[in-house]
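See structure below.
Nothing in this text is a laboratory measurement; each read-out follows from the coordinates by a stated rule. Treat the numbers as computed from the prediction; the structure is a model and nothing was measured. Neighbour counts are summed over all protein chains in view; Cβ atoms, including those assigned to glycine, are modelled from backbone coordinates with ideal geometry.
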């Protein structure tokens, strides 16, 4: 019977120390959350802004010239017509960027 009493006392002590450890971890978690919040506003958001500015400036200086068409035999293979439009253009066709099997649209050579 004394052994059961010792075991129950040990369980009560361990549960008390666990609850103290959990409350200490929660206090540490609150501090970590504040740290990450500050880092998000001070580092991450300005970093995203700098990347957006860099992309915008590079796009402004980028020459919008069409790439030269080279009729490679392994590209733009059409074994069957597309089920929309005229059947030659892809669904999201951009005539300035996407070439057709025989060249870009509107450029007669």
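Here are some notes:
- Calculated FRET efficiency, residue 52 to residue 32, Cβ-Cβ distance, R0 = 35 Å: about 0.75 to the nearest 0.05.
- The ranking of 62, 74, 93 from fewest to most other beta carbons within 10 Å of each one's beta carbon is 74, 62, 93.
- Hypothetical label at residue 67: residues of segment 75-109 whose amide nitrogen lies under 19 Å (7 Å Cα-Cβ projection): 75-78, 89-107
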